Amino acid sequence: MEGADLAVKVLSTWLTLVVGLIVLPSAFGLSLGISEFYMKILVKTLEWATLRIEKGAPNESVLKNSASVGIIQRDESPMEKGLSGLRGRVFELSDVFYFSKKGLEAIVEDEVTQRFSSEELVSWNLLTRTNVNFQYISPKLTMVWVLGVLIRYCFLLPLRVTLAFIGISLLIIGTTLVGQLPDSRIKNWLSELVHLTCCRICVRSLSGTIHYHNKQYRPQKGGICVANHTSPIDVLILTTDGCYAMVGQVHGGLMGIIQRAMVKACPHVWFERSEMKDRHLVTKRLREHVADKKKLPILIFPEGTCINNTSVMMFKKGSFEIGGTIYPVAIKYNPQFGDAFWNSSKYGMVSYLLRIMTSWAIVCDVWYMPPMTREEGEDAVQFANRVKSAIAVQGGLTELPWDGGLKRAKVKDTFKEEQQKNYSKMIVGNGSPNLELD
């Protein structure tokens, strides 16, 4: 009995401290300065570790910096320009060398598949993953690394699991209770309060530090919020500063329980798997939502999959056929403190959550951008590309034309046929629409 009493006292003390020092302040959007103090110590520690490694292994430091810019140096000029500089408008056998070169470049380091793996680090962050196998290891550095493992797994992980459990439980209970109320302004206000409070608690469970910029451009009701996609926690990051109507597929398990509870309190748009294949039905439901200016802005990730925080890939045009005002948002994580990217083809949701909950912290910047509307004569694809370019420039991300679906699918034949058509135009003498030949 004494052991049981002691366990109860320890658990009650633990919960009291967690609720009093973290849950309550985060529920009111306040901070006691604990996170700021933790981040200062963390930054100093990582700076010390970086200097220690560079002093002990200067040669490897050079390799480390060179690895971050790529393995090979590419010629980014288009095919038309590359070939036109070599010859006229006739076929020559030497053209084979140009295509062979491009093929070897793609094999060694293509610009697509590397976007579906973790971002390369500039310097080691005292976590397991790094892009350089350092030969130099000092006793002090080893001691700091071991101490970091103990802190992350023995203190931070239990703390974060506790906060996540509290946040998810309150979200399910709160939205279920609010969902019983009749539609009114009070219900909408309570729903937004529950979502904001619970998401803030969940962000604290990741030691999240978020910097919001240009808050005057935050998405408004009746609009569509469009953002680049790195991780499932993108939703938490954005909902901490404002409420959105989510759009997604119906899931089972714990995620399904959360979805069913949330939709009772807020008009989220969930689709069955069979409905997701019907593009016209999805577009119709989204248009009906946007037409009601009293409803929360829709949150959509047009890439359709998670990209590794270095680039923005093709935006699906369906989100831009709905109409209404688009509110672009750029999200950029700092990989030095933790890898937020979710490689869904390698890690399940549980493994992914374990990885980010045992990282140092999740630090990111969020830029709200001026609203954008479809211009006269502009089709959905052109509008999507314009929004994508704006997000890429604001977030300091590389803009790529490739479909994120290539993570699990092969390249479409249309991409190959387009290159073949461009080459054939040069051969028959029609030239290229993007290049004027002398």
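The values are calculated or read from the model by the stated rules, or taken from the named source; none is laboratory data. Keep in mind that what you see is a predicted model, and the values were worked out from it rather than measured. Cβ coordinates were reconstructed from backbone atoms using ideal geometry, including for glycine residues, and neighbour counts include every protein chain displayed. Surface areas here come from the heavy atoms of the whole protein model, side chains and all, with no ligands, DNA or RNA. Shrake-Rupley method; radii C 1.70, N 1.55, O 1.52, S 1.80 Å.
Laid out as a table, the results:
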{"read-out": "Sole exception among (1) open to solvent by less than 40 Å² (accessible area, probe 1.4 Å); (2) outside any helix (DSSP H, G or I) for Pro182, by number", "value": "(1)"}
{"read-out": "Identity of the residue in segment 202-227, within 25 Å of Met372 (Cβ to Cβ) and among the hydroxyl-bearing types (Ser, Thr, Tyr), that ends up surrounded by the fewest Cβ atoms within 10 Å (Cβ to Cβ)", "value": "Tyr217"}
{"read-out": "Any hit, segment 386-407, residues being among the basic types (Lys, Arg), open to solvent by 80 Å² or more (accessible area, probe 1.4 Å) and modelled with pLDDT under 90", "value": "no"}
{"read-out": "Checklist (1) polar (S, T, N, Q); (2) open to solvent by 60 Å² or more (accessible area, probe 1.4 Å); (3) under 27 Å from the mean Cα position of the chain (by Cα) applied to Thr230, failing item", "value": "(2)"}
{"read-out": "Selection from segment 313-354 of residues that are hydroxyl-bearing (Ser, Thr, Tyr) and closer than 27 Å to Arg285 by Cα", "value": "Ser319, Thr325, Tyr327"}
{"read-out": "Segment 185-201, residues that are surrounded by 19 or more Cβ atoms within 10 Å (Cβ to Cβ) and among the basic types (Lys, Arg)", "value": "Arg200"}
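Conditions (1) in contact with a helix residue (DSSP H, G or I) (Cβ under 6 Å, 6 or more places away or on another chain); (2) assigned to a helix (DSSP H, G or I); (3) at pLDDT below 85; (4) over 28 Å from Thr398 (Cα atoms), marked per residue:
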residue: Gln220; (1), (2), (3), (4): no, no, no, no
residue: Cys225; (1), (2), (3), (4): no, no, no, no
residue: Pro232; (1), (2), (3), (4): no, no, no, no
residue: Val235; (1), (2), (3), (4): no, yes, no, no
residue: Leu238; (1), (2), (3), (4): no, yes, no, no
residue: Cys243; (1), (2), (3), (4): yes, no, no, yes
residue: Val247; (1), (2), (3), (4): no, no, yes, no
residue: Leu254; (1), (2), (3), (4): no, yes, yes, yes
residue: Ile257; (1), (2), (3), (4): no, yes, yes, yes
